[in-house]
Amino acid sequence: MRIVVAEDLYLLRDGMVRLIEAYGHEVVGTATTGPETLAALREFRPDVAVVDVRMPPTQTDEGLRAALAARTEMPGLPVLILSQYVEQLYARELLADGSGGVGYFLKESVFDADQFIDALERVAAGGTAMDPAVIAKLLSSGSSHRRLDGLTEREHEVLALMAEGLSNQAIASRLFLSDSAISKYTTSLFAKLGITDDGSNNRRVLAVLAYLHHP
């Protein structure tokens, strides 16, 4: 994969670059400010970008706003937000376009290299990779979605794990259920959310977006 890393702290930025390259991927560009981030995304059009939220010059939300601007210009550009903070308004906006290729992790939640690289690869492939802590924060401030209200408690559990990016097999292992049981739950929740398999969409991504982005 061709990757852009946007992080203003030198040690963390350099560490991510070395880690990504150790897994055989190429870091085509780095950025340390919001404007540099947008410029790098425009120039390199990477397979996926790792972007911090709070970057110079004001240390507020420059990184996330740069990612949003880039995805407006380049729809579907895969972005993994890696930050100490959950910026709810912009995080919802990032999810709102429905195209997938979005991840959001708190730095404190990344415990090993495999977890980080797996999240990058899932986002690059057009999927989602959401930190459970970020999911909880987004849901705590959201209004109820009438279609989500129709899901059973178990379907909510399956959908929450789907939002983390887990496969059916991984969800089955986490919930101590069979693969076939998880398949039935996912089929049911897709139907309740009105998500059809027309061959042109990613039903898992659409379900996750419906879960996280409450209109």
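Top mean-square fluctuation among Val110, Val79, Val51, Gaussian network model of the chain, C-alpha springs under 10 Å? In this elastic network of the chain, the residue with the biggest mean-square fluctuation among Val110, Val79, Val51 is Val110.
Considering only alpha-carbon pairs that sit under 8 angstrom and 6 or more positions apart, the relative contact order computed for the chain is 15 percent.
Rounding to the nearest 10 and keeping the result within 0 to 90°, find how far the Cα-based axis of helix 179-192 lies from the longest principal axis of the chain. Its long axis makes an angle of about 90 degrees. With the whole protein complex present, Lys192 retains an accessible surface near 80 Å², based on a 1.4 Å probe.
With every protein chain present, what is the per residue accessible area of the chain (1.4 Å probe, Å²)? Working shown, then result.
On the way: 9940 Å² over 215 residues.
Each residue of the chain exposes 46 Å² on average to a 1.4 Å probe.
Let me have the 222 nm mean residue ellipticity of the chain computed from DSSP H runs of 4+ only, each contributing -39500 (n - 2.57), with the sum over all residues rounded to the nearest 500. Per the formula, -15500 deg cm²/dmol. What's the angle, to the nearest 10 degrees (0 to 90), between helix 34-44's Cα axis and the longest principal axis of the chain? Approximately 80 degrees, to the nearest 10.
Can you give me the % of accessible surface on the chain that is carbon or sulfur? Probe 1.4 Å, all protein chains present, nothing else counted.
52
Percent of C-alpha pairs per 10 Å bin in the stretch 1-160, short distances first: 11, 42, 34, 10, 3. For the stretch 1-92, the calculated P(r), taken from all Cα-Cα distances in 5 Å bins from zero up to the bin holding the longest distance, is 3, 16, 28, 27, 17, 8, 1 percent. The heavy atoms of Arg71 offer some 10 square angstrom of accessible surface to a 1.4 angstrom probe. The lysines within cross-link reach of Lys137, meaning a Cα-to-Cα straight distance under 22 Å and a gap of 8 or more places when in the same chain, are Lys107.
The values are calculated or read from the model by the stated rules, or taken from the named source; none is laboratory data. Values in this document were obtained by computation on a predicted structure and should not be read as measured data. These area figures cover heavy atoms from the full protein model, side chains too; ligands, DNA and RNA do not enter into them. Shrake-Rupley method; radii C 1.70, N 1.55, O 1.52, S 1.80 Å.
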